[in-house]
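Below is one structure, written out as structure tokens; comments come after it.
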Protein chains: 2
Amino acid sequence: MKDKKYFLAKAQENMPELHCKNIIPDATEFIGSDGDSVLLDFGEHAVGHFSFAFDRVDVFVDAPVRLIVKFGEDMREINDDFSQYNGVLSKTWLQEEIINLDYPQKITMPRRYACRYIKITVERTTRPIRLFDFSFRASTSADISVLKSAKTEDALLKKIDRVATNTLKECMQTFFEDGPKRDRRLWIGDLRLEALTNYYTFNNLEIVKRCLYLFAAGERNESGFLPSFVYETPYYHSGATHIEDYALLYVVSVCDYFEHTGDTEVVNDLLEICKLQLESFRATLDEKLIATKQDGWFSFIDWCSGLECMTALQGVYLYTLERFAELLKVIGDEEYEKYSVLISRVRSASEKYLYDESKKVFVNPLDNGQLSVHSQVWMILGGVINGEKAKKLLLSCLDNKEFKQPVTPYMHHYVIEAILKLNMKDEAVQYLKKIWGGMVELGADTFWEAYIPDDLDFSPYNDRMINSLCHAWSCTPSYFIRKYGL
Amino acid sequence: MKDKKYFLAKAQENMPELHCKNIIPDATEFIGSDGDSVLLDFGEHAVGHFSFAFDRVDVFVDAPVRLIVKFGEDMREINDDFSQYNGVLSKTWLQEEIINLDYPQKITMPRRYACRYIKITVERTTRPIRLFDFSFRASTSADISVLKSAKTEDALLKKIDRVATNTLKECMQTFFEDGPKRDRRLWIGDLRLEALTNYYTFNNLEIVKRCLYLFAAGERNESGFLPSFVYETPYYHSGATHIEDYALLYVVSVCDYFEHTGDTEVVNDLLEICKLQLESFRATLDEKLIATKQDGWFSFIDWCSGLECMTALQGVYLYTLERFAELLKVIGDEEYEKYSVLISRVRSASEKYLYDESKKVFVNPLDNGQLSVHSQVWMILGGVINGEKAKKLLLSCLDNKEFKQPVTPYMHHYVIEAILKLNMKDEAVQYLKKIWGGMVELGADTFWEAYIPDDLDFSPYNDRMINSLCHAWSCTPSYFIRKYGL
């Protein structure tokens, strides 16, 4: 297996170029004293650096001026009182600075922000001041000049596509970020969905390769699983969390990349790591070939409170196995046969032990009998159930209160993948419109990290203020609309 | 008269070079979590820029780190709760920043600070962090390599001299600042005392010339008086305040400069402006030749609450007239005679109308009969009273509760000047030790803006937190000790 140094060098080779542009807000100048504030609307979501100038109005400003500069991805965020924040993630992600300026100057704020709106409040000045030359230097590694319009005739789908490509664009920086307001790290779950949508939109292959290599360089845990996230700023650092479904989806990401590019060089570099992920997971199956809980495991699947994940995880495994076997077949790898046989056996086992014939539903003692959309969706995606039987199952569990329902566009993606796998295009469009269309109706410039139509205050972190409103895993409508001609 | 452009060009020509050095504090590293803090002691007062590095301890810091960085000229300031500040000057002068850092990095804070101590508190972090590489890049235009030790044998005077030269050094930047913690502008009152001390210590002539020209370029008010202060950052700006005693002391500063250098070129450039200051003041005298209050006047003299200034101002005028007449004589200016005659007449008038023979004290109806050390000192410095009579008067008013007492080292300077004018060296030393020695005993690294021995909480601005603890006008002990061989 290639070493970390090799993988990092490959990642570096594939550093995407950042495209920058200056965005000017609606307001050009503001004159204010203590307590006054100005709201800047840049007309679009942007990721980058804010600059402005300040000067005296008449008499020279004879003491430092203190400004509070607040950045909001939407107006709710601008109007939120950050001092009331009570979420589980660090309050330091809330985008607000208190700055003191000694004398008239042009200021370029050093940190990067993600926002459409900026509110500047004059906290203290001895004299009225003038703020002007507002500018936001926005960056992305997406080349918007290559982006074609979606072919759909449906007005709402057109809008959804625009917001989705915008979401992806904003998350494409020097790697696929999950959400530019917050984490700023590369997660496998987001990478997979971003790369997929990227193939049908900006088609930046460098950034995909870079991300695949960044994970390949990561520190695997004792079971052999890849880290679920890595940092690259200011130096490369491998995340300390190993999420099993993410480790598997890394393999799927490699398969997606190969399917799109036919690039055997990259696949050859990463093949052993992919096999290791599948072998590591194989080791957790019991004698009946059903995945068992391991000490210290963390499965993601969705940000659903109290979600039991073992059935879904079994589905992710099968989904990955199938994609990987296809890859091995195409590249002529000798282990194709082995994986092919394994798929059939695990599928049969899943049907035998996880499908309740009387209730017509997948349910698993390891999930404490919990019913969830997630289990059904991943069993469908894993190929355990097909055709009319699968359609009926899927349609019966969606919006059914007896089943845990998806809460993130990440999981909504896999719901739609399952719907489309079952050739239910109309239902897919309906679902897309319900979730992503709902956000569009609410004025979203980019798609959100979490969205529950009848609970706009929902947050996976106990406080909506910290939610990311431009989140990578929400960008896949463009993939569906463009790939499936919706 | 030369124009503003000419004067600013001359000021620019005489820009002094800044000497920089990196100072390292006692602590080299700090590891902390939420609420922890580290105190850095740099061992000396310094003016400049602070830098440090931060990194993870073990697990990568997965959210921005918020630090509170507080700068103190002394430990009282470090321990003060700035949120309780209730002074009349802007709270933004209190040196504290809240900064958010996204990832491990080396930080050079953009603003300049004046401090000996820095306290960094970890306001919020998700993981323990390590702070290290603490460094303070200190600047001054004083060249300490030319500084000789004072010749005094007196241990306390030696200490006072060291602290005084240090105070001056800290205030010498691209111009003579009054106090590097706060105003950062050039005031005439401070300039005069700094230049005087500079002649006997660092002897940087460029900075004096630069400051004299910066005022010459200033906008005079309708009476013809120079502005009392000017700004030079980020662009030249003339202050909107015109203090009459300061306008006169500008003339004295030119005389001091000529006396020290014999530089007729500078004097020729500034002569007309000097004459204008004296003529403008002359116009405020009544028919008895006593200065009268003018609409919109502001006299400084001292930061004494409720001080009446007309007698002192009359003294400042006489003091200036005498110095200016000497200058005119030496350079052979034809107006020497005119000024010479004027001095005698104003002196006689001052004695006749302001000296109360029965009470043996200077008192003025325009001061509402208020008795002050300030009036007596300035009448002595103005040459209205001399010899034993003057000695007796001066000694009787010092520490006499019937007289308003000086509160700033600025006024204490002129008290000592008066004492030495009367050849009372012992009393001068005693006074120096009482005021500046008092600060030394309290551990001062530099001398303070305001000091009342039995009221350490005194502030001219209603809150001690805002006081400058390194203030230019407090640097003159070195002048006295070195010039008079104390």
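The values are calculated or read from the model by the stated rules, or taken from the named source; none is laboratory data. If you're wondering where the values come from, they're calculated on a predicted model, not measured in any experiment. FYI the Cβ positions are ideal-geometry reconstructions off the backbone, even for glycines, and counts take in every protein chain you see.
Counting only strands (runs of 3 or more DSSP E) that sit completely within the stretch A:96-152, those holding 2 or more residues that are crowded, with 20+ Cβ neighbours inside 10 Å and away from every other protein chain (no Cβ under 14 Å) correspond to A:113-124, A:129-140. With respect to the conditions (1) buried (at least 20 other Cβ atoms within 10 Å of the Cβ); (2) within 14 Å of chain A (Cβ to nearest Cβ); (3) touching a strand residue (DSSP E or B) at 6+ places or on another chain (Cβ under 8 Å), B:Arg66 lacks only one, and its number is (1).
If I ask for residues that are among the charged types (D, E, K, R) and either surrounded by fewer than 19 Cβ atoms within 10 Å (Cβ to Cβ) or not in a loop (DSSP other than H, G, I, E, B) (or both), which ones from the stretch A:447-467 would you list? Explain how you work it out, then say what you get.
Quick first cut of the stretch A:447-467, residues among the charged types (D, E, K, R) only: A:449, A:454-455, A:457, A:463-464.
Of everything in the stretch A:447-467, those that are among the charged types (D, E, K, R) and either surrounded by fewer than 19 Cβ atoms within 10 Å (Cβ to Cβ) or not in a loop (DSSP other than H, G, I, E, B) (or both) turn out to be A:Asp454, A:Asp455, A:Asp457, A:Asp463, A:Arg464.
Residues in the stretch B:158-185 that are within 14 Å of another protein chain (Cβ to nearest Cβ) and under 9 Å from the mean Cα position of the chain (by Cα): B:Glu177, B:Asp178, B:Gly179.
Go through B:Ala195, B:Ala247, B:Ala240 for me and flag whichever is at pLDDT below 95 and either in a loop (DSSP other than H, G, I, E, B) or buried (at least 20 other Cβ atoms within 10 Å of the Cβ) (or both). Give the derivation first.
Numbers: B:Ala195 fails: at pLDDT below 95; B:Ala247 fails: at pLDDT below 95.
The match here is B:Ala240.
One residue alone among B:Val341, B:Val361 is free of Cβ contacts under 8 Å to residues at least 60 places away in the same chain and crowded, with 18+ Cβ neighbours inside 10 Å, and that residue is B:Val361. In the set B:Leu313, B:Leu328, B:Leu285, B:Leu271, only one residue is within 29 Å of B:Tyr451 (Cβ to Cβ), assigned by TED's automatic domain parsing to the domain that holds B:Phe403 and of a type in the set (A, V, I, L, M, F, W, C); that residue is B:Leu313.
Restricted to the stretch A:50-61, and to residues there that are assigned to a loop (DSSP other than H, G, I, E, B) and surrounded by fewer than 22 Cβ atoms within 10 Å (Cβ to Cβ), the residue that is farthest from the other protein chains (Cβ to nearest Cβ) is A:Val57.
Within the stretch A:378-385, is even one residue modelled with pLDDT of 95 or more, in the same structural domain as A:Leu289 (by TED's automatic domain parsing) and more than 12 Å from A:Gly315 (Cβ to Cβ)? The answer is no; no qualifying residue exists.
Among the conditions (1) over 19 Å from the mean Cα position of the chain (by Cα); (2) of a type in the set (Val, Ile, Thr); (3) crowded, with 21+ Cβ neighbours inside 10 Å, the only one that B:Thr264 does not satisfy is (3).
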